[in-house]
Amino acid sequence: MRQDEIGHGVAEDYDPFGKAHLADPHAFWTRARRERPVFHSDEIGAWVVSRYDDALAVLKDHRRFGIAIYRARTSSLTPETLAILATNPVTARSLIEIDPPGHTRLRGAITRALSAQRVAAMEPRIRALAGALIDEFAPLGRADLQAAFADRLPVMVIGCLIDVPEADLPQLLRWAWDRVALLFGEVPPDAQPALARGSIALTRYIQDLALSRQENPGDDLASDLMRAVAAGEAPLDAQEAAAMLRTLYFAGFETTVRLLGACVLRLLADRRRWQALLDDPGSIPAVVEESLRMDGSVMATVRVARETVELGGATIPEGALVHVVLCSADRDEAAFTDAASFHPGRDRTVGHLAFGFGVHFCVGAPLARLQMRVALEELVRRLPALRLVAGQDFRYAPSLLLRGPQQVLVEW
Ligand code: HEM
């Protein structure tokens, strides 16, 4: 084969919503890294970056690669649904949508408010929430662990983080899923307005919470957010605080939901891994780290090229979207020895990119790690006999950005 023919077909074969890719994207990414590490996809309208070093180069360089967001597919939404969504009361941009210098002020405020002490103090609460969920299904002997546990815990944890009354948590859970279903699923027209109202109700709820904490500050994250201002900088106003709380809510829940399901699935798929946790629960943090590398729930993130850039043998033109495939980077053989195998506690020379890198590195990473550890500790302690129900198919929702099983049937 001639040199210029190698890699031919990679871009054409990229089919992110195809059945085979959804079931297992990694065969494709192994080939892309080898044959054509940076390519343009007409399918998604972006340059796709699959190698670790190239992904890192993009994420490190916020001057040449600015933050961008994929617009959720709104083309299938009805005019009535769009009119409801247009009543969104919180229009301030949040830190995930802007770059320095605007980003720096918002990031400083959330970094101080989401301090290590605040996260550590949440452990007993997270353990109690996980325990209460397990209490609900433990007597049954069989459950969908995704629906009964992984889909529910992270929303409750975020609810605690932003200090909403416990009685409101079930409602917040429903609203949060309304939004996900509406913006990322295929919803028939007559079901859309109710989901849109749920999504807006959640934003209103968060806005009211920010306003009430501005009027009556307390010892909670939202109040700290408005107080936590570096010298010489303007404090966050209630709009900005509401936008930040909403971002925490959205960035913090489905990501953790998907990782939790994928991690439990990986551990049970080879029960020696589960047994290793039973034998040594102290290994859980290393398992979480390796699961982040191999099952990272945020498959990709997106940037825009601020100037024409040479990367991985391709020329990315100014203004183009750049799709950085974190899940591919994290299995790059050039960065991780025996990259396709699960080795908790592996020797690392480089860190995984499951939480991103650079200025937009995940602000919730310590909370996500804590939550994963506590959830696994409680499952191991309470349901040591946990195993997968035999013969089930694992389905993954069509998404460019997030990945995790939709259902994990278990018995014990
Ligand atoms: C396993 C769970 C999680 C994963 C895999 C994850 C992954 C990520 C990634 C990859 C980014 C960087 C996006 C980019 O560079 O474009 C990010 C940013 C962010 N994450 Fe997470 N995340 C998780 C949990 C959380 C939680 C629990 C919270 C909230 C408490 C959170 C809040 C955020 C926020 C606010 C940002 C934006 C930071 C910025 O722009 O400066 N995440 N996350």
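When you go through Gly351, Gly312, Gly345, Gly364 one by one, which is the residue that is more than 20 Å from Arg273 (Cα to Cα) and more than 16 Å from the ligand (Cβ to nearest atom)?
That would be Gly312, the only listed residue that is more than 20 Å from Arg273 (Cα to Cα) and more than 16 Å from the ligand (Cβ to nearest atom).
Counting residues that are more than 16 Å from the ligand (Cβ to nearest atom) and at negative phi, which helices (runs of 4 or more DSSP H) fully inside segment 40-137 reach at least 3?
79-85, 123-137
What are the pairs, 6+ residues apart or on separate chains, where a residue within segment 243-265 that is more than 8 Å from the ligand (Cβ to nearest atom) has its Cβ under 7 Å from a residue that is charged (D, E, K, R)?
The qualifying pairs are Ala243/Arg93; Val257/Asp151; Ala262/Asp295; Cys263/Asp295.
If I go through segment 130-180 residue by residue, how many of them are crowded, with 23+ Cβ neighbours inside 10 Å and of a type in the set (S, T, N, Q)?
Qualifying residue count, segment 130-180: 1.
Does Ala339 meet the test of being modelled with pLDDT of 95 or more and assigned to a loop (DSSP other than H, G, I, E, B)?
yes
Being more than 9 Å from the ligand (Cβ to nearest atom) and either surrounded by fewer than 19 Cβ atoms within 10 Å (Cβ to Cβ) or in a helix (DSSP H, G or I) (or both) is the filter here; which residues of segment 292-309 pass it?
Arg293, Met294, Asp295, Val304, Arg306, Glu307, Thr308
Within segment 85-108, does at least one residue satisfy the condition of being touching a Pro at 6+ places or on another chain (Cβ under 7 Å) and surrounded by fewer than 19 Cβ atoms within 10 Å (Cβ to Cβ)?
So far as segment 85-108 goes, no, none of its residues is touching a Pro at 6+ places or on another chain (Cβ under 7 Å) and surrounded by fewer than 19 Cβ atoms within 10 Å (Cβ to Cβ).
The values are calculated or read from the model by the stated rules, or taken from the named source; none is laboratory data. Keep in mind the model is a prediction, meaning the values are calculated, not measured. Cβ: placed from backbone, ideal geometry, glycine included. Neighbour counts: every protein chain shown.
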